[in-house]
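Report on one structure; see the data block that follows.
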C-alpha cells in the first residue's frame, strides 16, 4: 500500500437532475488506504457525489479518474469498475429473493471471478468476519437492520474491492445497532481499505477519518483532518452545521 | 339433465378439451408477448417504451370479439383480395390463439410492468454496484422478485382468458359454448345444457385457483 498513490481523482464534477444542480463543481483526491468522511446537511450532494464515484449516477460534467483510468460511459468498463469499487447503501439492499450465502456468492460466481467452491469459502470467511456465520441460510427479512448492513458489507467484500463506498450506512438503523456496523467499518479501516464514507456519525468521523470533507450546496466548502474540521472549522457554514449537530 | 350427460357428455368433455387447448396456446404466446412488451415498457429506450404504450393501448381499446372477426375474416381478406397474395387462410384455432395471445398479452404486459416497477430500485442498484450487467441483474434479482408479486394478477388474467375463449365461438371454433349451442339446438333443453356448461367452467377454474395457491405458497422467501 502506498499512501501517496492517488486512487480516485475527481475534477470539476457537475451533476444536474433537470433544472436542479446537485453538484456544482466538485474536485477531490482520495489516496490509497485513506478513509475520507463526507459530512454536510441533507441535500448538499454528498450521496450524489458518492454515487458518481461508481457511476450509479451519470455525471453531467467533469472527470473522475480511478487508478489513472478516466471513467467513460462504456458499459463494459463501467461493470469492471464496479467490481473493484464496493458500495454499501443506507437501506442495505440485500437481495430479498436469496438467502445470505447466495447474496454473497451471486456476483463472484456470476461474473466468474472464481469457482463456486472458492466463492462459498470466501463468503463464509466474510460472514465470520462480520460475526454472522450462523445466519448463512437466513433470508434478509429474517435479519435485524444491523445484521442486514453487516451482510451488505460482507457481500461487497466478497468481490475483493480495493475501494469501499458507504452511503449513510447507519442512518436507517435503530440506535443500538449502529455500534455493531461501525465496529466492522473501523476494522476495515484499520486493515488499510480505501474508504469514502458519507455519514452523520460525527464520532466515527472524528475517530476513524484521515480526512473530513464538508459539503453544502453542491460544493466542498472545507476539508481537513478531523482535528481541523471539528476543532477549528474555518468556513462559517461548517461552523454553523457543526454547532447544530454536535 | 342425466339424458344430456349420457348422450352428449363425451361431446361436451371433448369440447372442454378444445377450450383448454385454445386457452393453452393463447396463454403460452400471451406470456411471451407480455414479458417482451412488459420489459420494453420499463427500458430507458424511448422507442421501446413508445411501442409498448401503443401496443397495450391499441389492444385494450378494441373488444375481443372485434379483434376475433378482424383476424379471422379481415386479415385473410386483406391478404387475398387487396394484396392478391392468395391462399391465405387461418383456421379457427390459429386465429383464436392469435386473438387471445394479443389480448391477454397486452394485459400481461401491464401486469409485468407494474410488477417490475414494484421492486425497489435499490435492488437493481445493489446488483449493478457489484458489477453485474443490467440484464443479468434483471434476470437474477429483479424479475424473480417481480414475478412473486405478479402471481395473483397473472392467475386472475389466466382465468379471464380461459373464459374469453367462449367469445371465440363466433368464429366457429368448436369449443365448449359453440358445442353447447348445438346440443341445445338438438334437444331444446337449454336450462340443463347451460347449467352443465357453467358447472364445467366452474370446476376447471376452481382447480386452476387451487394450483395457483400452491405456487404462491411455494414462492415465499424463508429459510427452510
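We did not get these values from a lab; they are worked out from the coordinates using the rules stated. Quantities reported herein were computed from a predicted structural model and do not represent experimental measurements. Heads up, the Cβs are rebuilt from the backbone with ideal geometry, glycines too, and the neighbour counts pull from every protein chain shown.
With just the Cα atoms defining each centre, how far is the range A:137-157 from the range A:161-219? Give it in Å.
A separation of 17 Å, based on Cα centres.
Between residue A:200 and residue A:160, what is 0.36 nm times their sequence separation minus the Cα-Cα distance? Round to one decimal in nm.
Result: 11.7 nm gained on full extension.
Output the peptides A:174-186, B:135-147 sorted from most to least packed, where packing is the average of other Cβ atoms within 10 Å over each peptide's residues.
Taking the mean over residues of other Cβ atoms within 10 Å, the ranking is B:135-147, A:174-186.
Using only the Cα atoms of the protein assembly as shown, each taken as one equal point scatterer with no solvent, compute I(q) by the Debye sum, divide by I(0), and report log10 of the ratio at q = 0.07, 0.08, 0.11 Å⁻¹.
-0.53, -0.64, -0.93
In peptide A:70-82, what is the residue-averaged number of other protein chain Cβ atoms found within 10 Å of each Cβ?
Shielding by partners across A:70-82 averages 2.
Need one number: nm distance between label points at residue A:84 and residue A:144, each 7 Å from Cα along Cα→Cβ, rounded to one decimal.
Taking the simple label geometry, residue A:84 and residue A:144 are separated by 3.8 nm.
Taking the Cα atoms only, what angle lies between the long axis of helix A:145-157 and the longest principal axis of chain A, rounded to 10 degrees?
Taking the Cα atoms of chain A, the angle to A:145-157 is about 90 degrees.
Let me check against my output: what whole-number percent is the relative contact order of chain A, with C-alpha pairs under 8 Å and at least 6 apart?
This gives 27 percent for chain A.
Need one number: % antiparallel among DSSP beta bridges in chain A, to the nearest 5.
For chain A, the DSSP antiparallel bridge percentage is about 55.
Averaged across A:88-98, how many Cβ atoms of other chains sit within 10 Å of each residue's Cβ atom?
The shielding value for this peptide is 6.
What percent does the relative contact order of chain B come to when contacts are Cα pairs within less than 8 Å and at least six residues apart?
29
By counting other Cβ atoms within 10 Å of each Cβ, how are A:106, B:83 ranked from fewest to most?
B:83, A:106
If you take every DSSP beta bridge fully contained in the protein assembly as shown, what fraction is antiparallel? Give it as a percent rounded to 5.
55
Taking R0 as 56 Å, what's the FRET efficiency between residue B:198 and residue A:116 from their Cβ-Cβ distance, rounded to 0.05?
The computed FRET efficiency comes out at 0.55.
Which FRET efficiency value, to the nearest 0.05, do you get for residue B:49 and residue A:6 by plugging their Cβ-Cβ distance into 1/(1 + (r/R0)^6) with R0 = 35 Å?
So, using R0 = 35 Å, E works out to roughly 0.30.
Can you give me the distance in nm between label points at residue B:84 and residue A:134, each placed 7 Å from the Cα along the Cα-to-Cβ direction?
8.4
Kindly state, to the nearest 0.05, the FRET efficiency for residue B:149 paired with residue A:246, given R0 = 51 Å and r defined as their beta-carbon distance.
Approximately 0.70, to the nearest 0.05.
When DSSP beta bridges are limited to those with both residues in the range A:144-246, what percentage is antiparallel, rounded to the nearest 5?
Expressed as a percentage, antiparallel bridges in the range A:144-246 total about 50.
Peptide B:119-126: average number of partner chain Cβ atoms within 10 Å per residue?
5
Using alpha carbons only, how many degrees (0 to 90, rounded to 10) separate the axis of helix A:236-245 from the longest principal axis of chain A?
50
What nm distance separates the two modelled labels at residue B:91 and residue A:186, each placed 7 Å from Cα along Cα→Cβ?
It is 7.5 nm.
Based only on other Cβ atoms within 10 Å, what is the fewest-to-most ordering of A:110, A:167, A:73?
By the 10 Å Cβ count, ascending, the order reads A:73, A:110, A:167.
Helix A:75-84 versus the longest principal axis of chain A: what is the Cα-based angle in degrees, 0 to 90, to the nearest 10?
Tilt relative to chain A: about 80 degrees.
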